Amino acid sequence: MINYNNKFKNLLSINWALLKKFLMLFIFFIALSFFLSYLIKPNIHDFLNLADRHNKLEITSDSLTKFVQYSINNGLKVPFQMLLLSLIPLPFLYFFPVILTAIVTGIVLYIPFMAELAGKVSFSNILLGLLPHIIIEVFGFLIVACGAYYINQSIRSKLFKKIPIQMTFIASINHFLLTYCLVALPSFIIAAFIEAFITPLFS
């Protein structure tokens with residue numbers, strides 16, 4: 001007799017060791033982006049254009065509209081992009097959207113050091129505006145990345161026999177959907193709520 005309870009738990013399980021590796025990679029790209037920004041000293045207008053292209057969000061002062069935009073972009077669009085990229089039999093290509101987020105975060109952390117904003121924006125204010133939501137948001141991205149990892153691994157194992165397989169393709173899809181719906185998506189919604197409604201109170 002099949003124990004569906006254990007089967008569900010196995011599909012919902014999170015590889016914390018893998019998540020930790022993705023987190024270290026995310027932090028590395030933040031540090032690299034900050035360091036390169038410090039050397040290159042990008043123009044603030046160029047950065048704002050980069051941020052707009054990355055987020056593809058309409059600028060609005062309406063908190064509810066922002067909440068919906070953040071939820072759709074981070075909770076639906078980016079995970080779907082990562083899912084599509086995981087279907088390409090190249091390792092870690094699905095992590096590219098997360099790397100872009102890390103790069104933008106690194107540049108945001110550099111903002112207080114820009115000559116144009118010297119004395120106008122403090123590093124503590126930037127952290128206060130970032131940390132409350134980005135920790136939860138990045139956790140969601142890393143959960144999605146872990147799910148995409150198994151999908152990508154199952155596809156590559158079919159093409160390249162030497163690659164070990166941890167889940168079948170169907171199991172990896174089920175794992176992705178479960179962890180996304182039950183863990184990642186709620187994280188994105190909470191992060192969007194904090195960014196839209198709470199963060200502006202401290203800015």
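Listed by first and then second residue, the pairs with beta-carbon distance under 6 Å, at least 6 apart or on different chains, first residue in region 64-84 and within 14 Å of GLY140 (Cβ to Cβ), second of a type in the set (Val, Ile, Thr) and in a helix (DSSP H, G or I), are SER71/ILE189; PRO79/VAL144; MET82/VAL144. Among the residues of region 28-50, those that are modelled with pLDDT of 85 or more and either touching a Phe, Trp or Tyr at 6+ places or on another chain (Cβ under 7 Å) or surrounded by 14 or more Cβ atoms within 10 Å (Cβ to Cβ) (or both) comprise PHE29, ILE30, LEU32, SER33, PHE34, LEU36, SER37, TYR38. Yes or no: region 117-130 includes at least one residue that is of a type in the set (Ser, Thr, Tyr) and touching a Ser or Thr at 6+ places or on another chain (Cβ under 8 Å). Scanning region 117-130, I find no residue that is of a type in the set (Ser, Thr, Tyr) and touching a Ser or Thr at 6+ places or on another chain (Cβ under 8 Å), so the answer is no. Looking only at residues in region 157-177 that are part of a helix (DSSP H, G or I) and crowded, with 17+ Cβ neighbours inside 10 Å, which one is farthest from the chain's Cα centre (by Cα)? It comes out as SER157.
Cβ-Cβ distances below 7 Å connect the following pairs, each with a first residue in region 14-30 that is in a helix (DSSP H, G or I), a second residue that is surrounded by 13 or more Cβ atoms within 10 Å (Cβ to Cβ) and among the hydroxyl-bearing types (Ser, Thr, Tyr), and a separation of six or more residues or different chains: LEU18/TYR149; ILE30/THR105.
In region 83-126, of all residues being within 24 Å of SER37 (Cα to Cα) and polar (S, T, N, Q), the one that is surrounded by the fewest Cβ atoms within 10 Å (Cβ to Cβ) corresponds to SER124.
Looking at GLY147, GLY140, which one is farther than 17 Å from LEU90 by Cα and crowded, with 22+ Cβ neighbours inside 10 Å? Lay out the reasoning, then the answer.
Numbers: GLY147 fails: farther than 17 Å from LEU90 by Cα.
Just one listed residue meets the conditions, GLY140.
Among residues that are in contact (Cβ under 8 Å) with a residue 12 or more places away in the chain, over 15 Å from ILE27 (Cα atoms) and not in a helix (DSSP H, G or I), PRO112 is not included.
Scanning region 106-137 for residues that are at pLDDT 85 or above and within 18 Å of ILE190 (Cβ to Cβ) gives LEU130, LEU131, PRO132, HIS133, ILE134, ILE135, ILE136, GLU137.
The values are calculated or read from the model by the stated rules, or taken from the named source; none is laboratory data. Since the model is a prediction, treat every value here as computed from it, not as a measurement. Here Cβ is always computed from backbone atoms with ideal geometry, including for glycine, and neighbour counts include all displayed protein chains.
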